[in-house]
Amino acid sequence: MSAHQRRKYDSEFKRNAVLLTEDPDRTVREVADSLGISADLLYQWRKRYRQQGDLAFPGNGKVALTPEQQRIQELEKRLKDAEME
C-alpha cells in the first residue's frame, strides 16, 4: 500500500482558484474539477479568502501580517537589539 502524499499549492494558485469561483457561469464543483482539486478544499479556500482577503494565503507556514503588525514587529526587534547593547 502506498502512502498518500499531500499536495501543496502556492498562494497564487489558491487566490486564482478562488477568483475563478466568482464567475456566475461556473459552479465551485466545475472549477475544482477543472483544477484537479476537491470542491471541499476550494470551499475552505473561499471561506479563508473572504475572511482575510489578500492576507489569506501567506505561504510556507508564515503568518500574514498587516502593515501595522509588521511595523510593530520591526520596532520590537529594534528595541530588543538596543536593550542588548
query = Going through region 10-38 one residue at a time, which ones are surrounded by 15 or more Cβ atoms within 10 Å (Cβ to Cβ) and without any contact (Cβ under 8 Å) to a residue 40 or more places away in the chain?
reply = Ala17, Val18, Leu20, Thr21, Val28, Val31, Ala32, Leu35, Ile37
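Pull up region 39-60, narrow it to residues that are assigned to a loop (DSSP other than H, G, I, E, B) and of a type in the set (Gly, Ala, Ser), then point me to the one that is surrounded by the most Cβ atoms within 10 Å (Cβ to Cβ). Can you show your working first?
Keep residues of region 39-60 that are assigned to a loop (DSSP other than H, G, I, E, B), which gives 56-60.
Of the ones still in play, those that are also of a type in the set (Gly, Ala, Ser) are 56, 59.
Working: Ala56: 18, Gly59: 12.
Across region 39-60, the extreme among qualifying residues is Ala56.
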message = Checking Leu65 against (1) open to solvent by 70 Å² or more (accessible area, probe 1.4 Å); (2) modelled with pLDDT under 85, only one condition comes out false. Which one?
response = (1)
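Which of the residues belonging to region 21-56 are within 30 Å of Gln70 (Cα to Cα) and aliphatic (A, V, I, L, M)? Let's see the steps before the verdict.
Just the residues of region 21-56 that are within 30 Å of Gln70 (Cα to Cα), to begin with: 41-56.
Those that are within 30 Å of Gln70 (Cα to Cα) and aliphatic (A, V, I, L, M): Leu41, Leu42, Leu55, Ala56.
The values are calculated or read from the model by the stated rules, or taken from the named source; none is laboratory data. The structure displayed is predicted, hence computed values, not measured ones. Reconstructed Cβ throughout: ideal geometry from the backbone, glycine too, with neighbour counts over all protein chains shown. Just the protein is used for accessible areas: all its heavy atoms, side chains included, with ligands, DNA and RNA removed. Shrake-Rupley method; radii C 1.70, N 1.55, O 1.52, S 1.80 Å.
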